[in-house]
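Written below as structure tokens is the structure these notes are about.
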Amino acid sequence: MSLAIVWFRRDLRLADNPALHAACAAHERVLPVYIHAPQEERDWAPGAASRWWLHHALDALRTSLHGHHAELHLRQGDSERVLAALIKATGAGAVYWNRMYEPAAIERDTRIKQRLREQGVAAQSFNAALWREPWQVETRTGDPYRVFTPFWRNLRTLIDESGPLPVPQPLRGATAEGGATLESLELLPRIRWDAGLAGAWTPGERGAQEMLELFVDDAVNDYAEGRDIPSRHGTSRLSPHLHFGEISPRQIQAGLHRLLAGRSGKRPDLEPFLRELGWREFAHHLLYHFPATHTANFNPKFDGFPWAASDEALIERWQRGRTGIPLVDAGMRELWHTGWMHNRVRMVVASFLTKNLRQHWHHGARWFWDTLVDADLPANSLGWQWVAGCGADAAPYFRVFNPVSQSQKFDPKGEYLARWLPELAGAVPALRHEPWKDPSLLRRSGYPAPMVDLGESRAAALAAYGALKGR
């Protein structure tokens with residue numbers, strides 16, 4: 001009887017899963033396997049928030065497979081050795097998986113595919129995460145892109161309207177003895193700080209579809225403007241579901257068209273949202289072609305930038321939302337409580353750390369990696385380098401986000417500030433943005449005074465960036 005292993009990684013769904021679909025089409029039985037091997041991601045093993053999500057996503061996948069009379073087999077250890085043991089125990093003649101694009105994953109998967117084929121085991125990998133592979137989008141001269149707009153212009157012409165794959169029918173699951181329990185993977189925190197995450201998210205394939213439906217019902221109509229307002233549910237919030245492969249870009253695109261088809265009246269313009277998905281593709285494109293960008297400046301000129309000395313106490317105040325700058329603190333507290341932060345606020349808090357405090361972007365990237373449920377190496381690297389000014393298609397070095405004007409513009413009533421800074425909720429909106437203008441408010445509320453002067457620190461940052469540009 002023909003049997004294949006389907007190696008799940010960050011493709012935790014049954015629908016539109018090319019590896020699962022191909023295995024079910026070619027073999028009589030499939031063995032769904034997840035191998036917990038964080039050490040194989042080297043310095044970028046999943047952070048605490050990602051581990052929380054992974055626990056619940058695996059549980060959801062296990063439930064989905066049960067609905068098709070199949071089991072998710074959990075294992076721990078070296079992926080190559082675990083696969084070899086499963087092949088020996090089950091007589092599997094093939095292993096199928098969907099690709100990952102981080103440098104360590106590419107190196108591991110290339111080695112495993114070669115070893116399996118040398119042993120006479122068929123090994124096939126597929127694209128389940130992107131509209132197009134990073135090597136399929138190139139300039140006219142065959143080079144990778146370094147600027148988003150021409151990249152998106154090209155990618156947009158390559159996105160077809162073909163529908164996503166259905167759940168394979170039938171899905172004939174095989175079994176193997178032994179293995180790990182979900183609890184034994186120890187993904188959940190020992191000290192249960194995760195109540196806020198549980199209240200904000202439903203990991204899993206069904207949760208992803210529900211979030212897509214909520215986006216269509218609530219935010220897609222004025223996405224171009226609403227996405228900038230942090231107090232509103234104006235974005236899709238699909239990023240963690242995309243990272244863990246609980247939904248694909250193709251599913252999102254098809255789902256938007258399907259859900260909007262039954263509506264009367266004018267249909268919303270989907271291009272601004274699709275363009276944001278294009279940024280995700282661009283991040284993967286960059287990390288694939290320039291694999292050092294998760295640690296090294298994309299623009300090597302910034303290797304000589306005069307960052308301030310690393311200050312642990314200062315960085316901790318930023319992490320805990322105690323800087324005395326309301327929009328920064330609100331964003332950092334939202335992140336700590338929910339594992340997520342509104343995208344515009346992400347830019348502001350990153351600008352404050354790298355420019356007003358002139359701390360290296362590595363500090364911010366690491367904190368986001370540990371606390372974001374959507375921590376994604378390509379996007380995290382692109383985002384932090386973009387704000388710091390040292391990345392591809394980066395913000396100009398002289399762009400320093402002003403947290404006060406940003407909150408006044410995008411949160412004029414201070415609703416977002418009041419939600420995450422309860423000590424300022426009783427203040428009038430004007431003082432929520434600038435509480436230091438009333439020293440008695442600071443005394444009564446216990447909210448800290450600003451740790452830096454925004455104007456002076458901006459001038460110092462511009463001087464440092466200007467000197468770098470001069471060289």
Checklist entry - Does Ala208 satisfy the condition of being touching a His at 6+ places or on another chain (Cβ under 7 Å) and either within 20 Å of Ala49 (Cα to Cα) or assigned by TED's automatic domain parsing to the domain that holds Trp340 (or both)? => result yes
Next on the checklist: Checking Trp53 against (1) part of a loop (DSSP other than H, G, I, E, B); (2) within 24 Å of the chain's Cα centre (by Cα): exactly one of these is not met. Which one?
Outcome noted: (1)
Next on the checklist: For the structure I just gave you, tell me whether Pro168 is at pLDDT 95 or above and in contact with a Cys (Cβ under 6 Å, 6 or more places away or on another chain).
Outcome noted: yes
Next on the checklist: If I go through segment 254-279 residue by residue, how many of them are touching a Leu at 6+ places or on another chain (Cβ under 7 Å), within 26 Å of Leu14 (Cα to Cα) and either not assigned by TED's automatic domain parsing to the domain that holds Asp228 or not aliphatic (A, V, I, L, M) (or both)?
Outcome noted: 2
Item to check | For Thr293: the one exception among (1) surrounded by fewer than 19 Cβ atoms within 10 Å (Cβ to Cβ); (2) within 17 Å of Trp384 (Cα to Cα) | outcome: (1)
Checklist outcome for this item: Output for Cβ contacts, cut-off 8 Å, separation at least six or different chains, first residue touching a residue at least 12 places away in the same chain (Cβ under 8 Å) and not assigned by TED's automatic domain parsing to the domain that holds Ala70 in segment 148-174, second of a type outside the set (S, T, N, Q) and exposed (fewer than 11 other Cβ atoms within 10 Å of the Cβ), reads Pro168/Ala25; Leu171/His69; Gly173/His69
Checklist outcome for this item: Quick count over segment 422-462, residues being part of a helix (DSSP H, G or I), under 33 Å from the mean Cα position of the chain (by Cα) and farther than 21 Å from Ser231 by Cβ, is 8
Next on the checklist: Quick check on segment 270-278. Is at least one of its residues part of a loop (DSSP other than H, G, I, E, B) and farther than 24 Å from Glu138 by Cα?
Outcome noted: yes
Item to check | All positions within segment 220-231 that are closer than 23 Å to Ala330 by Cα and either under 20 Å from the mean Cα position of the chain (by Cα) or among the β-branched types (Val, Ile, Thr) (or both) | outcome: Tyr223, Arg227, Asp228, Ile229, Pro230
Checklist entry - Identify, please: which residue in segment 107-144 is of a type in the set (Val, Ile, Thr) and assigned to a loop (DSSP other than H, G, I, E, B) and is, among those, nearest to the chain's Cα centre (by Cα)? => result Val137
Checklist entry - Could you say whether any residue in segment 248-261 is more than 20 Å from the chain's Cα centre (by Cα), outside any loop (DSSP other than H, G, I, E, B), more than 17 Å from Phe148 (Cβ to Cβ) and charged (D, E, K, R)? => result yes
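Give the residues of segment 217-226 that are outside any loop (DSSP other than H, G, I, E, B) and crowded, with 18+ Cβ neighbours inside 10 Å, sorted by residue number.
Listed by number, the residues that qualify are Val220, Tyr223.
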Next on the checklist: Six or more apart or on different chains, Cβ atoms under 9 Å: show the pairs whose first residue is in segment 292-311 and in contact (Cβ under 8 Å) with a residue 60 or more places away in the chain and whose second is surrounded by 11 or more Cβ atoms within 10 Å (Cβ to Cβ) and of a type in the set (Asp, Glu).
Outcome noted: His294/Glu102
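Can you confirm whether segment 325-340 contains a residue that is under 30 Å from Ala467 (Cβ atoms), surrounded by fewer than 23 Cβ atoms within 10 Å (Cβ to Cβ) and more than 17 Å from the chain's Cα centre (by Cα)?
No, segment 325-340 contains no residue that is under 30 Å from Ala467 (Cβ atoms), surrounded by fewer than 23 Cβ atoms within 10 Å (Cβ to Cβ) and more than 17 Å from the chain's Cα centre (by Cα).
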Checklist entry - Has segment 389-400 got at least one residue that is in contact with a Lys or Arg (Cβ under 9 Å, 6 or more places away or on another chain) and within 21 Å of Arg333 (Cβ to Cβ)? => result no
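The values are calculated or read from the model by the stated rules, or taken from the named source; none is laboratory data. What you see is a predicted model, and the numbers here were worked out from it, not measured in a lab. Every residue, glycine among them, receives a Cβ derived from its backbone with ideal geometry; neighbour counts consider all protein chains shown.
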